[in-house]
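Each remark here refers to the structure printed beneath this line.
The values are calculated or read from the model by the stated rules, or taken from the named source; none is laboratory data. On a predicted model such as this, the values are computed, not experimentally measured, just so you know. In this analysis, Cβ positions are derived from the backbone assuming ideal geometry, glycine residues included, and neighbour counts consider all displayed protein chains.
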Ligand SMILES: Nc1nc2c(ncn2[C@H]2C[C@H](O)[C@@H](COP(=O)(O)OP(=O)(O)OP(=O)(O)O)O2)c(=O)[nH]1
């Protein structure tokens, strides 16, 4: 019996260049259009990492929601930072910083904060929240850190690590939603869509 094809009841736009976020949405049965916001993240600052992630998510979603090509769509913006010692750590600037980050975080725990913002351009309503996941780092040796940094991966990801990539052997465990670490929390997205009176199952493609 061929599976029944369903049409999503609303157009979904992901305001992010992140392949990880797009993959999370697709794996959950959604088929967002991608419109990268291009927002300059250096223009915003907040003392609290969670507040910074939220403000950046709202800024990215806001830029895209204002575009004609997003008219009528539900727009999702996200931003992830690793909180360690009260600091918000995004993507490392270079290999030296990625190495220093790993030597500081190995054997310790940090909190991956991802801000989420959903804007319904049909009504102008906006909802946002930050999800947090504790990440317990293993103790990679200096040689393992050097090899990981040399792979280039840490330079492209917030916190200089991936849960589902090359550094997965160096993550001892997490407390909280794993998708949130990768870049988007699906249970939080479901809750935010619910606040906009949208059921996530209505968005299945
Ligand atoms: N696959 C994977 N990616 C991760 C992980 N942790 C962080 N990332 C990626 C997801 C995002 O692409 C990036 C977080 O940086 P941002 O929140 O600034 O997003 P990005 O600059 O990639 O795109 P955007 O600003 O949303 O257009 O790091 C992980 O554990 N696994």
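Counting only residues that are in contact (Cβ under 8 Å) with a residue 60 or more places away in the chain and either crowded, with 20+ Cβ neighbours inside 10 Å or in contact with a helix residue (DSSP H, G or I) (Cβ under 9 Å, 6 or more places away or on another chain) (or both), which one in segment 31-51 is farthest from residue 20 (Cα to Cα)?
Per the criteria, the residue is 49.
Which numbered condition in (1) farther than 25 Å from residue 36 by Cβ; (2) within 12 Å of the ligand (Cβ to nearest atom); (3) in contact with a strand residue (DSSP E or B) (Cβ under 7 Å, 6 or more places away or on another chain) is the only one that residue 84 fails?
(2)
Out of 112, 82, 74, which single residue is crowded, with 20+ Cβ neighbours inside 10 Å, at pLDDT 95 or above and over 16 Å from the mean Cα position of the chain (by Cα)? Steps first, answer last, please.
On the way: 112 fails: over 16 Å from the mean Cα position of the chain (by Cα); 82 fails: over 16 Å from the mean Cα position of the chain (by Cα).
It is 74.
Being modelled with pLDDT of 95 or more, in a loop (DSSP other than H, G, I, E, B) and either near the ligand (Cβ under 10 Å from one of its atoms) or surrounded by 13 or more Cβ atoms within 10 Å (Cβ to Cβ) (or both) is true for just one of 165, 159. Which residue is that?
On the way: 159 fails: in a loop (DSSP other than H, G, I, E, B).
Within the list 165, 159, the selection yields 165.
Please specify each residue of segment 90-104 satisfying the condition of being touching a helix residue (DSSP H, G or I) at 6+ places or on another chain (Cβ under 9 Å) and surrounded by fewer than 21 Cβ atoms within 10 Å (Cβ to Cβ). Show your work before the answer.
Of the residues in segment 90-104, the ones touching a helix residue (DSSP H, G or I) at 6+ places or on another chain (Cβ under 9 Å) are 90-99, 101-103.
Once the filter is applied, which keeps residues that are touching a helix residue (DSSP H, G or I) at 6+ places or on another chain (Cβ under 9 Å) and surrounded by fewer than 21 Cβ atoms within 10 Å (Cβ to Cβ), segment 90-104 yields 90, 91, 93, 94, 95, 96, 97, 99, 103.
Is one or more of the residues making up segment 141-150 closer than 20 Å to residue 85 by Cα and assigned to a loop (DSSP other than H, G, I, E, B)? Show your work before the answer.
Taking segment 141-150 and keeping what is closer than 20 Å to residue 85 by Cα, we get none.
So far as segment 141-150 goes, no, none of its residues is closer than 20 Å to residue 85 by Cα and assigned to a loop (DSSP other than H, G, I, E, B).
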